[in-house]
Amino acid sequence: MTILDLDNWPRKEHYHFFSQFSEPLFGICVEVDCTKAYQKAKESETSFFLYYLHKSLMAVNQIECFRYRINADKQIVIHDKVSASATIGRENGTFGFSYMPFDENFEIFKNTSDVEIERIRNTTNLFPDYIADDVIHYSSLPWLKFTSMSHARNLAFPDSVPKISFGKMTSNGNTRTMPVSIHVHHALMDGLHVGEYVDLFQDLLNA
């Protein structure tokens, strides 16, 4: 973890401008092609959710500003790595927040995530033991093919963690697509950077 040199950052004025907003997060919804990713997940008999979640984590970790966070001293922290805090559903209709540490090796990521998913499904706890900002807030809404999204937020609580949500996969002929919502702090990045994430995520899904 390092501290960004704000004085020599090209987005210094943008940071000071947008960090004063009562709602500094902006959101974009896109659709990604997950045809190849879904096929590969099924061929390897693995969870499609964990497969595309890992691809998303690979993308955000390669784009530095997705690892930026604003600390209590208004400094910009650059985390070496960010992991997933994803909502995991239970059979009774509730959910719990998870902590899934990122590893570039999918099998390692899957094994630790499987343990976390099992823990959540067998407890009533809302929060994991590890709570920090070196994560992406993930959620999955496999029942909805959404075209827009907003998030419940406590505006009195400072929050610079990106939020990425995945929707219902649908088929059109031989093509499978899935909506993705990305909400990020405008003091830390712009639409350009969200576009970079989307392009890289799509490339990884196609790989």
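The values are calculated or read from the model by the stated rules, or taken from the named source; none is laboratory data. Model, not experiment: these values are computed from the prediction. Using ideal geometry, Cβ is built from the backbone for each residue, glycine included, and neighbour counts are taken over all protein chains shown.
Taking Ala41, is it of a type outside the set (Asp, Glu), surrounded by 21 or more Cβ atoms within 10 Å (Cβ to Cβ) and either at pLDDT 95 or above or more than 28 Å from Glu118 (Cβ to Cβ) (or both)? Spell out how you get there, then give the answer.
Details: of a type outside the set (Asp, Glu): yes; surrounded by 21 or more Cβ atoms within 10 Å (Cβ to Cβ): no; either at pLDDT 95 or above or more than 28 Å from Glu118 (Cβ to Cβ) (or both): yes.
For Ala41, the condition - of a type outside the set (Asp, Glu), surrounded by 21 or more Cβ atoms within 10 Å (Cβ to Cβ) and either at pLDDT 95 or above or more than 28 Å from Glu118 (Cβ to Cβ) (or both) - is not met.
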- [ ] Kindly indicate the residue of segment 156-175 that is of a type outside the set (A, V, I, L, M), out of contact with any Asp or Glu (no Cβ under 7 Å at 6 or more places or on another chain) and part of a strand (DSSP E or B) and also farthest from Leu57 (Cα to Cα) among those meeting that condition.
- [x] Asn172
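Among the residues of segment 91-106, are any among the small types (Gly, Ala, Ser), buried (at least 16 other Cβ atoms within 10 Å of the Cβ) and in contact (Cβ under 8 Å) with a residue 40 or more places away in the chain?
Going residue by residue through segment 91-106, those that are among the small types (Gly, Ala, Ser) are 93, 96, 98.
Now narrow it down to the ones that are buried (at least 16 other Cβ atoms within 10 Å of the Cβ): 96, 98.
From what's left, in contact (Cβ under 8 Å) with a residue 40 or more places away in the chain: none.
The answer is no; no qualifying residue exists.
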Open item on the list: So Cys29 passes all but one of these: (1) more than 16 Å from Ser140 (Cα to Cα); (2) touching a Phe, Trp or Tyr at 6+ places or on another chain (Cβ under 8 Å). Which condition number does it fail?
Closed with: (1)
Open item on the list: Out of Leu192, Leu205, I need the residue that is touching a strand residue (DSSP E or B) at 6+ places or on another chain (Cβ under 7 Å) and not in a strand (DSSP E or B). Which one?
Closed with: Leu205
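Please indicate, with yes or no, whether at least one residue in segment 69-86 is buried (at least 16 other Cβ atoms within 10 Å of the Cβ), of a type in the set (D, E, K, R) and within 12 Å of the chain's Cα centre (by Cα). If you could, list the steps in order and put the result at the bottom.
Just the residues of segment 69-86 that are buried (at least 16 other Cβ atoms within 10 Å of the Cβ), to begin with: 69-70, 76-77, 79, 82-86.
Keeping just the survivors that are of a type in the set (D, E, K, R) gives 69.
Those still in the list that are within 12 Å of the chain's Cα centre (by Cα) too: none.
No, every residue in segment 69-86 fails to be buried (at least 16 other Cβ atoms within 10 Å of the Cβ), of a type in the set (D, E, K, R) and within 12 Å of the chain's Cα centre (by Cα).
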TODO: Check whether at least one residue in segment 82-102 is within 25 Å of Gly191 (Cα to Cα) and out of contact with any strand residue (DSSP E or B) (no Cβ under 8 Å at 6 or more places or on another chain), and report yes or no.
DONE: no
Task: Residues of segment 122-141 classified as part of a loop (DSSP other than H, G, I, E, B), surrounded by 12 or more Cβ atoms within 10 Å (Cβ to Cβ) and either in contact (Cβ under 8 Å) with a residue 40 or more places away in the chain or among the charged types (D, E, K, R) (or both), total - done: 3
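If you scan segment 58-87, which residues turn out to be part of a loop (DSSP other than H, G, I, E, B) and of a type outside the set (Asp, Glu)?
Start the filter on segment 58-87 by keeping residues that are part of a loop (DSSP other than H, G, I, E, B), which leaves 63, 71-75, 79-82.
Matches in segment 58-87: Ile63, Asn71, Ala72, Lys74, Gln75, His79, Lys81, Val82.
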Task: Where Met1 falls short, out of the listed (1) closer than 16 Å to His185 by Cα; (2) over 17 Å from the mean Cα position of the chain (by Cα); (3) among the aliphatic types (A, V, I, L, M) - done: (1)
TODO: Considering only residues that are surrounded by 10 or more Cβ atoms within 10 Å (Cβ to Cβ) and among the aliphatic types (A, V, I, L, M), look in segment 142-155 and name the one that is nearest to the chain's Cα centre (by Cα).
DONE: Met149
